[in-house]
Amino acid sequence: MTDRTELRRPGLARAGAAFARGWRAVQWYVKEVVGENDYDHYVTHLRRHHPDAQPMSRRDFERAKVDRMDTDPGSRCC
């Protein structure tokens with residue numbers, strides 16, 4: 001009977017790892033473009049530069065973000 005390690009293909013494992021890295025990169029990019037990470041960036045900035053300040057809740061942050069977008073649409077088409 002053969003050992004299972006002999007049946008593994010190192011090239012296939014590397015390809016799978018490369019695909020996984022690429023997929024994570026695509027997920028990160030889409031989240032950045034859509035703005036899903038904005039709250040996390042806000043909290044990180046607040047903790048780094050204003051450690052005594054209390055961050056808004058995610059709900060309040062999203063509400064303020066939408067209000068800002070409504071008052072200053074910038075280059076949006078709609």
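A short reminder: the numbers here are calculations on the coordinates, not readings from a lab. Please read these numbers as outputs of a predicted model, since none were measured by experiment. Here the Cβ positions follow ideal geometry from the backbone for every residue, glycine too, while neighbour counts run over all protein chains shown.
Place a point 7 Å from the Cα of R21 along the Cα-to-Cβ direction; which residues of region 29-46 have their backbone N under 18 Å from it?
The answer is 29, whose backbone nitrogens lie closer than 18 Å to the label point.
When Lys and Arg each count +1 and Asp and Glu each count -1, what net charge do the other residues less than 13 Å away from K31, Cβ to Cβ, add up to? Intermediate values should be presented prior to the final figure.
Details: positive: R24; negative: E32, E36, D38, D40.
Residues close to K31 contribute a combined charge of -3.
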